[in-house]
Amino acid sequence: MAKRRISDFEGFQKVLNNAKSIIVLTGAGISSESGIPTFRGEGGWWKTYRSADLATPQAFQSNPALVWEFYNYRRHVALNTHPNNAHKALSEYEKKCKSEGHHLAIITQNVDGLHKRAGSENIIELHGNLFKTICTNMSFRDPNVKDDSLPVVMKEDLPKCKKCNSLVRPYIVWFGENLDHEVLRKSRELVESCDLCLVVGTSSVVYPAAMFAPLVAQRGMPVAEFNITEEPADNSFAFHFPGKCGTTLQKALG
Ligand code: BJW
């Protein structure tokens, strides 16, 4: 196995300059410097709340009001933050790629919309979006951009579909649910064809996203990880940049 290069910005930039099709897999860590908690880190959502009570179809079935309170709060938090240097560095780099006839796509596990607000265009949202709802009856999708930070949602106030008046749910992929077929197909296509993969701010424990970067490495393509942790998520990754990605990613892409 090739030697892993830690904080080798110069070496990484040589690889970057030759790459024609780049994928960037992002997770909650990229938004932490914007002030959005991660899931599993200190102060993370799943350190305070049980994911089984809030992010499963069973939880929504048994207590939709509680699940809506959580997602209304999450939307409120996201609406009151801004893209940080890491989101901006990716958006700038996508523009550079476009002008040179190269391709960069972001495959994000995040639902906070910050990549789009930073100006990125090629974004695949694996786990949905906080600013959309989907009808539980007819799958009609609707935007949901209101800043509802009501602490309690009453049963009679649960949001209803404007077409059929059935209950709507957050447009989020919960544990045990399949990812959107088309989203997964496009992601796999990119994973199988890219010549460089960046993995930014994810613990790489949630599937299927967790297998994307290892699959790229298995094809012999370079993977560069940006995470505050000293240890890489996978020993087959070529580069590891420990530290806050707002700093490391900007330096690497600068
Ligand atoms: C920084 C930083 C800074 C911080 N700079 N870095 C195969 C094997 C085993 C289990 C499964 C399997 N296939 C499917 C499963 C079940 C399940 C799963 O993977 N479970 C695992 C926990 C084991 N997967 C699913 O259910 C998925 N569906 C599926 O696969 O369908 C088919 C199927 C179903 C059932 C069985 C088998 C097959 C759906 C997954 C849906 C995930 N949903 C969530 C919540 C909803 C979205 C929301 O509310 O926002 O998505 S869970 C949560 O985790 C959220 C995230 O997108 C996801 C990933 O978390 P992420 O982004 O990695 O955050 P953290 O907090 O974990 O990590 C942050 C990282 O940032 C850390 O590493 C920090 O160090 C770092 N960091 N600051 C750089 N400044």
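The values are calculated or read from the model by the stated rules, or taken from the named source; none is laboratory data. Small disclaimer: the values here were computed from a predicted structure and weren't measured. All Cβ positions, even for glycine, are placed from backbone atoms using ideal geometry, and neighbour counts span all protein chains on display.
Starting from segment 177-199, take each residue that is closer than 18 Å to Gly220 by Cβ and list its partners that are among the acidic types (Asp, Glu) and assigned to a loop (DSSP other than H, G, I, E, B), counting only C-beta distances under 9 angstrom and pairs at least six apart or across chains.
Going by the 9 Å Cβ cut-off, the qualifying pairs are Val199/Asp234.
Only residues that are crowded, with 22+ Cβ neighbours inside 10 Å and acidic (Asp, Glu): list them for segment 221-236, please.
Matches in segment 221-236: Glu225 only.
Between a residue in segment 14-42 that is within 19 Å of Gly246 (Cβ to Cβ) and without any contact (Cβ under 8 Å) to a residue 60 or more places away in the chain and any residue that is β-branched (Val, Ile, Thr) and outside any loop (DSSP other than H, G, I, E, B), which pairs come within a Cβ distance under 8 Å, given they are 6 or more apart or on different chains?
So the pair list comes out as Gly35/Val77; Pro37/Val77.
Restricting to segment 128-145, give me the number of residues that are in contact (Cβ under 8 Å) with a residue 12 or more places away in the chain and not in a strand (DSSP E or B). Walk me through how you get there before you give the answer.
Keep residues of segment 128-145 that are in contact (Cβ under 8 Å) with a residue 12 or more places away in the chain, which gives 128-138, 140-145.
Filter once more, keeping what is not in a strand (DSSP E or B): 136-138, 140, 144-145.
Number of matching residues: 6.
Scan segment 102-122 for residues that are away from the ligand (no atom under 14 Å from the Cβ), in contact (Cβ under 8 Å) with a residue 12 or more places away in the chain and out of contact with any Ser or Thr (no Cβ under 6 Å at 6 or more places or on another chain) and jot them down.
First, the residues of segment 102-122 that are away from the ligand (no atom under 14 Å from the Cβ): 102-105, 116-122.
With in contact (Cβ under 8 Å) with a residue 12 or more places away in the chain added as a condition, the list becomes 102-105, 117-122.
Residues satisfying the conditions are His102, Leu104, Ala105, Arg117, Glu121, Asn122.
Suppose we keep only residues that are surrounded by 21 or more Cβ atoms within 10 Å (Cβ to Cβ) and not small (Gly, Ala, Ser) within segment 200-220. Which one would you say is farthest from the ligand (Cβ to nearest atom)?
Looking at the filtered set, the residue picked out is Val216.
Kindly indicate the residue of segment 169-199 that is of a type in the set (Phe, Trp, Tyr) and part of a loop (DSSP other than H, G, I, E, B) and also surrounded by the most Cβ atoms within 10 Å (Cβ to Cβ) among those meeting that condition.
The first filter runs over segment 169-199 and keeps only residues of a type in the set (Phe, Trp, Tyr), leaving 171, 174-175.
Of the ones still in play, those that are also part of a loop (DSSP other than H, G, I, E, B) are 174-175.
Numbers: Trp174: 19, Phe175: 13.
Ranking the qualifying residues of segment 169-199, first place goes to Trp174.
Does segment 3-18 include one or more residues that are within 14 Å of the ligand (Cβ to nearest atom), under 23 Å from Thr229 (Cα atoms), more than 19 Å from the chain's Cα centre (by Cα) and small (Gly, Ala, Ser)? Walk me through it before giving the result.
First pass over segment 3-18, keeping only residues within 14 Å of the ligand (Cβ to nearest atom): 7.
Still in the list and also under 23 Å from Thr229 (Cα atoms): 7.
Filter once more, so that each one left must be more than 19 Å from the chain's Cα centre (by Cα): 7.
Next cut, small (Gly, Ala, Ser) only: 7.
Yes, that holds for at least one residue.
Determine which single condition Leu126 fails, assuming it passes every other condition in (1) buried (at least 17 other Cβ atoms within 10 Å of the Cβ); (2) within 16 Å of the ligand (Cβ to nearest atom); (3) at pLDDT below 95.
For Leu126, the exception is condition (3).
Under the condition of being buried (at least 19 other Cβ atoms within 10 Å of the Cβ) and closer than 19 Å to Leu66 by Cβ, which residue from segment 135-168 is nearest to the chain's Cα centre (by Cα)?
Only one residue fits best here, namely Asn144.
So which residues in segment 201-254 are in contact (Cβ under 8 Å) with a residue 40 or more places away in the chain and of a type in the set (D, E, K, R)?
Lys244, Lys251 - these are the residues of segment 201-254 that are in contact (Cβ under 8 Å) with a residue 40 or more places away in the chain and of a type in the set (D, E, K, R).
Residue under question is Ser62, and the condition is that it be in contact with a Ser or Thr (Cβ under 9 Å, 6 or more places away or on another chain) and at pLDDT 95 or above; does it hold?
On the way: in contact with a Ser or Thr (Cβ under 9 Å, 6 or more places away or on another chain): no; at pLDDT 95 or above: yes.
So Ser62 fails the test.
If Thr247 satisfies all but one of (1) within 12 Å of the ligand (Cβ to nearest atom); (2) more than 22 Å from Ser187 (Cα to Cα); (3) outside any helix (DSSP H, G or I), what's the number of the condition it fails?
Against the list (1) within 12 Å of the ligand (Cβ to nearest atom); (2) more than 22 Å from Ser187 (Cα to Cα); (3) outside any helix (DSSP H, G or I), Thr247 comes up short only on (3).
Out of everything in segment 69-121 that is assigned to a loop (DSSP other than H, G, I, E, B) and of a type in the set (S, T, N, Q), what residue ends up being nearest to Val183 (Cα to Cα)?
Initial filter on segment 69-121 (assigned to a loop (DSSP other than H, G, I, E, B)): 80-84, 100-102, 109-113, 119-121.
Still in the running and of a type in the set (S, T, N, Q): 80-81, 84, 109-110, 120.
On the way: Asn80: 28, Thr81: 26, Asn84: 25, Gln109: 12, Asn110: 14, Ser120: 17 Å.
Filtering segment 69-121 for residues that are assigned to a loop (DSSP other than H, G, I, E, B) and of a type in the set (S, T, N, Q), the one nearest to Val183 (Cα to Cα) comes out as Gln109.
If only one of Val168, Val173, Val206 is touching a Ser or Thr at 6+ places or on another chain (Cβ under 6 Å) and within 23 Å of Ala52 (Cβ to Cβ), which one is it? Show your work before the answer.
Numbers: Val173 fails: touching a Ser or Thr at 6+ places or on another chain (Cβ under 6 Å); Val206 fails: touching a Ser or Thr at 6+ places or on another chain (Cβ under 6 Å).
From the options Val168, Val173, Val206, the qualifying one is Val168.
For residues that are surrounded by 12 or more Cβ atoms within 10 Å (Cβ to Cβ) and of a type in the set (Val, Ile, Thr), scanning just segment 19-53, find the one that is nearest to the chain's Cα centre (by Cα). Full working, then the answer.
Our first condition is that a residue be surrounded by 12 or more Cβ atoms within 10 Å (Cβ to Cβ); within segment 19-53, this holds for 19-41, 44-47, 49, 51-53.
Remaining after also requiring of a type in the set (Val, Ile, Thr): 22-24, 26, 30, 36, 38.
Working: Ile22: 16, Ile23: 13, Val24: 10, Thr26: 5, Ile30: 8, Ile36: 12, Thr38: 11 Å.
Per the stated criteria, the residue is Thr26.
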